[in-house]
There are 6 protein chains.
Amino acid sequence: MSTVKMVEYEHASPEVKAVYDDLMARKGIDFVPNFWKTVASHPPTLIRLWRDLNEVMAPGRLDRLTKEMIAIAVSATNGCNYCINSHTAAAQALGMDAEMLGELMAVVGMFNLTNRMAEGYQVESDVLPTL
Amino acid sequence: MSTVKMVEYEHASPEVKAVYDDLMARKGIDFVPNFWKTVASHPPTLIRLWRDLNEVMAPGRLDRLTKEMIAIAVSATNGCNYCINSHTAAAQALGMDAEMLGELMAVVGMFNLTNRMAEGYQVESDVLPTL
Amino acid sequence: MSTVKMVEYEHASPEVKAVYDDLMARKGIDFVPNFWKTVASHPPTLIRLWRDLNEVMAPGRLDRLTKEMIAIAVSATNGCNYCINSHTAAAQALGMDAEMLGELMAVVGMFNLTNRMAEGYQVESDVLPTL
Amino acid sequence: MSTVKMVEYEHASPEVKAVYDDLMARKGIDFVPNFWKTVASHPPTLIRLWRDLNEVMAPGRLDRLTKEMIAIAVSATNGCNYCINSHTAAAQALGMDAEMLGELMAVVGMFNLTNRMAEGYQVESDVLPTL
Amino acid sequence: MSTVKMVEYEHASPEVKAVYDDLMARKGIDFVPNFWKTVASHPPTLIRLWRDLNEVMAPGRLDRLTKEMIAIAVSATNGCNYCINSHTAAAQALGMDAEMLGELMAVVGMFNLTNRMAEGYQVESDVLPTL
Amino acid sequence: MSTVKMVEYEHASPEVKAVYDDLMARKGIDFVPNFWKTVASHPPTLIRLWRDLNEVMAPGRLDRLTKEMIAIAVSATNGCNYCINSHTAAAQALGMDAEMLGELMAVVGMFNLTNRMAEGYQVESDVLPTL
């Protein structure tokens with residue numbers, strides 16, 4: 001249960017309602033997810049995050065599905081339940097199936113393993129990219 | 001500096017040398033990276049990791065570049081210097097440029113932010129995918 | 001559910017009871033929280049943690065509320081549900097409201113983002129404090 | 001060393017230069033720190049982060065020094081060297097001395113300990129704040 | 001609830017059934033734990049993980065109980081509920097009692113504390129092992 | 001480089017010197033490691049940590065070497081360079097060789113992998129120990 005009272009649509013201020021309306025329209029859903037109703041307890045954060053998220057998730061050189069799969073990889077590595085559930089659902093809506101998730105999880109697992117072994121042995125970098 | 005003595009090619013046992021040879025051939029390089037020379041201090045681990053890595057990184061439903069970018073996302077989230085450097089170089093060799101890395105880092109940063117806010121507010125899941 | 005049997009007040013040894021009594025008195029509560037009943041399964045740990053916690057949380061150059069907000073920041077970054085709930089309640093009892101928590105979460109989120117970007121890009125330190 | 005080429009002031013585009021100028025003016029420094037020169041390799045990220053950071057770090061219900069100390073707590077928990085160095089220097093410039101940092105580190109250490117013990121024992125929440 | 005449909009024994013392919021049978025035989029249980037039914041949604045991962053796990057957990061220079069306690073230490077540090085529960089049960093079956101877990105948790109807690117303080121103060125290494 | 005000035009033996013207060021003397025005697029070394037000289041910038045923390053560490057690391061149901069190997073597992077999972085180096089050296093002095101470290105790292109790697117996969121798939125616990 002959220003540690004703050006979530007802001008329901010009917011009690012929201014006009015600026016919060018504007019974010020809620022835009023969010024439901026863009027996502028094509030008819031409810032406001034708990035994350036956003038929680039963050040709305042601090043309106044400047046709601047507004048900033050919603051603006052940033054749209055900017056970051058817009059398709060660019062990486063497409064939207066790739067971005068959602070990266071979001072799953074980050075959320076699995078951090079162990080954030082809410083985020084894993086919501087990004088998996090979003091990627092599923094964009095076409096990810098169980099086999100693609102299987103490959104994704106295999107990669108996430110593998111590099112969590114090698115990350116800790118490279119650290120645990122204190123291996124020194126010998127490949128230095130400069131893009 | 002590695003906490004164990006790295007196994008140099010000329011001192012390697014035949015089974016370790018076989019991995020080194022395969023590794024240099026597949027990667028198209030003429031040296032053995034520090035990670036592998038370190039892990040070779042425990043040959044069963046060297047053999048298992050090299051076998052697993054080839055299996056996990058083989059192109060499937062996700063292509064190789066996408067897998068390397070997921071490896072960067074995991075390594076950045078864990079803060080593993082060696083891994084960040086080596087996967088960034090690998091992705092660069094496969095065509096990732098600074099703009100693609102910029103989008104990748106923007107996504108990684110954004111969801112590290114939302115992961116901690118979803119946890120920090122203890123938001124309850126309201127979207128449950130079943131693939 | 002705790003992985004060990006929690007030690008209830010009525011079954012506690014005198015040394016455990018002494019910690020429980022002190023804890024309820026100092027916190028002004030009439031029950032022993034689950035964390036402490038769990039840790040009491042290993043009495044030396046109970047005694048050491050309770051002693052340390054009082055020492056660390058005593059108001060000094062930082063006041064008690066600031067210390068509780070730092071505890072929330074750490075717990076949100078680690079994603080520890082029990083800890084987030086209990087430190088948020090403690091900070092609330094000391095006067096933290098939803099707006100202050102909103103600012104706190106905004107800061108926690110922001111620096112989880114920049115932490116991972118600084119790591120992900122392997123940025124080198126160029127500012128070295130010496131206090 | 002950054003994995004991308006940093007954008008030096010003299011080679012920056014006008015929109016990047018505008019951020020650099022604002023940044024040096026607000027921070028009262030005459031150089032652009034490595035983090036910002038690195039992030040400038042992806043201008044939309046530079047612009048978004050600088051805007052967000054100013055919004056989040058503006059004094060509100062929490063003062064600037066408290067916010068910098070929370071940034072240190074987050075960065076120490078994540079182990080981000082660049083961030084620890086730069087936020088410690090920033091807090092020092094705002095008046096934090098070694099004794100205050102000592103109290104801060106004691107709190108950060110203590111709750112990293114209790115976080116892992118609460119998780120390690122799977123303690124169930126029994127205190128639920130609703131702000 | 002798993003984000004993918006778990007593969008029940010009766011619906012499993014022959015290669016998945018073979019892993020399930022081997023797993024129940026080796027563990028001496030008559031059900032397939034959720035982790036394995038979930039991972040079976042991607043058969044190559046199921047097969048690889050089961051093979052690797054048997055290799056890694058076989059008694060060698062470290063005995064099986066020590067390996068399970070290290071698994072608890074890792075899982076507590078990462079805060080993985082499923083893993084903490086299952087490795088604690090496995091260690092308990094091998095003879096770990098509440099007092100041994102108490103010592104283990106005390107060590108895990110203590111070094112999570114010192115890890116963050118060593119990082120938070122940016123302490124430089126002055127002891128370099130070479131095994 | 002530490003973010004605070006380290007306290008050298010010759011400039012230490014009597015209470016800090018007492019810890020330094022005890023520490024060098026117990027460890028059988030003739031210098032004060034950087035971690036302790038850094039923590040000494042806040043004497044109450046130095047005194048508390050040294051007292052706690054001796055209590056936690058005393059041989060009990062788990063022997064000293066097992067405790068040092070758990071310290072390595074925690075430090076590798078957190079990626080703390082200083083701690084990995086110093087606990088690896090301590091375990092080496094107690095008899096750990098490259099093969100034992102190899103098994104330890106294999107276990108640490110394996111469960112960092114399974115931890116993230118259990119989280120990434122949101123697997124529900126089906127084994128609940130009660131010690």
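The values are calculated or read from the model by the stated rules, or taken from the named source; none is laboratory data. Only a predicted model underlies this, so the values are computations on that prediction, with no experimental measurement involved. Counting neighbours? That spans all protein chains shown, and the Cβs are built from the backbone with ideal geometry, glycine included.
Name the residue that is farthest from the chain's Cα centre (by Cα), counting only residues in the stretch C:1-20 that are assigned to a loop (DSSP other than H, G, I, E, B) and among the hydroxyl-bearing types (Ser, Thr, Tyr). So, considering only residues that are assigned to a loop (DSSP other than H, G, I, E, B) and among the hydroxyl-bearing types (Ser, Thr, Tyr), the one farthest from the chain's Cα centre (by Cα) is C:SER13. Screening C:THR3 on (1) among the β-branched types (Val, Ile, Thr); (2) within 10 Å of chain E (Cβ to nearest Cβ); (3) within 27 Å of D:ALA73 (Cβ to Cβ) shows it passes everything except condition (3). Among the residues of the stretch B:77-88, those identified as among the hydrophobic types (A, V, I, L, M, F, W, C) and either part of a helix (DSSP H, G or I) or under 26 Å from D:PRO43 (Cβ atoms) (or both) are B:CYS83, B:ILE84. Against the numbered list (1) at the interface with another protein chain (Cβ under 7 Å from one of its Cβ atoms); (2) of a type in the set (A, V, I, L, M); (3) in a helix (DSSP H, G or I), E:ALA91 comes up short only at (1).
In summary, D:PHE31 fulfils each of the numbered conditions (1) of a type outside the set (A, V, I, L, M); (2) out of contact with any His (no Cβ under 6 Å at 6 or more places or on another chain); (3) without any contact (Cβ under 8 Å) to a residue 24 or more places away in the chain; (4) within 14 Å of chain F (Cβ to nearest Cβ) with the single exception of condition (4). You will find that of A:VAL107, A:VAL123, A:VAL127, A:VAL74, the residue that is among the β-branched types (Val, Ile, Thr), assigned to a helix (DSSP H, G or I) and without any contact (Cβ under 8 Å) to a residue 12 or more places away in the chain is A:VAL74 and no other.
Among the residues of the stretch B:21-29, is there at least one that is in a loop (DSSP other than H, G, I, E, B) and not acidic (Asp, Glu)? Checked the stretch B:21-29: at least one residue is in a loop (DSSP other than H, G, I, E, B) and not acidic (Asp, Glu). Among the residues of the stretch D:41-61, those that are within 17 Å of the chain's Cα centre (by Cα), within 13 Å of chain B (Cβ to nearest Cβ) and either in a loop (DSSP other than H, G, I, E, B) or not acidic (Asp, Glu) (or both) comprise D:THR45, D:LEU46, D:ILE47, D:ARG48, D:LEU49, D:LEU53, D:VAL56.
Residue-by-condition table, conditions (1) of a type in the set (Phe, Trp, Tyr); (2) at positive phi; (3) modelled with pLDDT under 95:
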residue	(1), (2), (3)
A:VAL4	no, no, no
A:GLU15	no, no, no
A:GLY28	no, yes, yes
A:PHE35	yes, no, no
A:SER41	no, no, no
A:LEU49	no, no, no
A:LEU62	no, no, no
A:THR66	no, no, no
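When the stretch F:94-120 is limited to residues that are touching a Leu at 6+ places or on another chain (Cβ under 7 Å) and small (Gly, Ala, Ser), the one that is surrounded by the fewest Cβ atoms within 10 Å (Cβ to Cβ) turns out to be F:GLY95.
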